[in-house]
Amino acid sequence: MMIAPPDTHFLDLEEVWQTIAINLHPKDVLAFISSHRNINKCLSTSTSLWRQLILRDRDNVVNGDDSGEAENRATSTASSAQDMRRVYLMQSFMSTLSSVKWLPISLEMQHTQLPVKAREGHISCVLDGPTDGYKSVVITGGFSDDQSVTVIELKEGGNNNWGWTRLNPRCLTPPFSFVYGASLTALPSALAKEMEKDRFMKSNYYHRSGKIINRNVSKAIRFGGFEGGGYSGESNQVWILTIVDYEFEDETLDQFAVWEKVETQQQEQEQEHGAKARAYHSATLLYDRYLLLIGGMTSSGSWNQSWISRK
């Protein structure tokens, strides 16, 4: 016996899809709306759906003030579906955060241990290391005569236990170009280790004797920046910063930093196509392979084009 499918003339598909969406977890809502072109076309422009979702999830936002603003947007008749969708996406992201805090550095560290000079236009990123399970913040560059690399080790026990190390980097491909307003993008730890293999295991790279029990290699890509004063002399040079941490048997550490210039295909062939010189742009690594550059400025004004550079 064959059962005939339901007569869709009696079904309001938008109402059915909204009912499904309103009962899903925030992350599943977005996945559901993206699952089919017709569902996306129908629900993305549904003011009713986004209003219901905003009001449903408003209590999950970390900051109560933001939830109040979201409620005002949801109850406003002037808000478009696009506005409400944007509010909900931000609200959904914030609801996944357990807490957000600013932790001031202790006064003792600021006065006695902080080796970073005041500056503008510096670059910074988060790298793995110096040992497994830890992270470090790297700070360098900027409008300053300080060419060192400062590594902040984020230890357990709060910011009072953080350690600061000032490294004087070597340059394997001189002359080294010190810039401000560049970008510094971290590479995945596994990729950095694969790129290096055993190159930095030679004894001339570390400063002391002893048995090494662990080695950590971190890398970051620097692009662009201004080389001259007064926001002039924009660059499109690509440099790789490598930081190597050696952990010895007595649980002490030895670190060093290395800058290496990368000659890109554009620079070798002097083509018109490719990433243009710029500063104060954003740079994001995609799929561990492509460096996405967006915006920035030159000595003659802002730059609104985006480029993807393949590693």
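The values are calculated or read from the model by the stated rules, or taken from the named source; none is laboratory data. In this text, all values refer to a predicted model and were calculated from it rather than measured experimentally. Because the Cβ atoms are built from the backbone with ideal geometry, glycine has one as well, and the counts that use them run over all protein chains shown. Just the protein is used for accessible areas: all its heavy atoms, side chains included, with ligands, DNA and RNA removed. Shrake-Rupley method; radii C 1.70, N 1.55, O 1.52, S 1.80 Å.
Evaluate the stretch 270-283: report whether one residue or more is of a type in the set (Lys, Arg), closer than 17 Å to Gly129 by Cβ and modelled with pLDDT of 90 or more.
No - not one qualifying residue is present in the stretch 270-283.
What pairs can you find where one residue is in the stretch 84-95 and open to solvent by 40 Å² or more (accessible area, probe 1.4 Å) and part of a helix (DSSP H, G or I), the other is small (Gly, Ala, Ser) and at pLDDT 80 or above, and their Cβ atoms are less than 7 Å apart, with a gap of 6+ or different chains?
Going by the 7 Å Cβ cut-off, the qualifying pairs are Arg85/Ser44.
Each row is one residue, and each column tells you yes or no for (1) closer than 15 Å to Leu97 by Cα; (2) of a type in the set (A, V, I, L, M); (3) open to solvent by less than 70 Å² (accessible area, probe 1.4 Å); (4) at pLDDT below 80.
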residue	(1), (2), (3), (4)
Asn23	no, no, no, no
Ser35	no, no, no, no
Asn40	no, no, yes, no
Ser44	no, no, yes, no
Leu49	no, yes, yes, no
Leu53	no, yes, yes, no
Arg56	no, no, no, no
Ser67	yes, no, yes, yes
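Can Glu249 be described as at negative phi, open to solvent by less than 40 Å² (accessible area, probe 1.4 Å) and modelled with pLDDT under 80?
Judged against the criteria, Glu249 is not a match.
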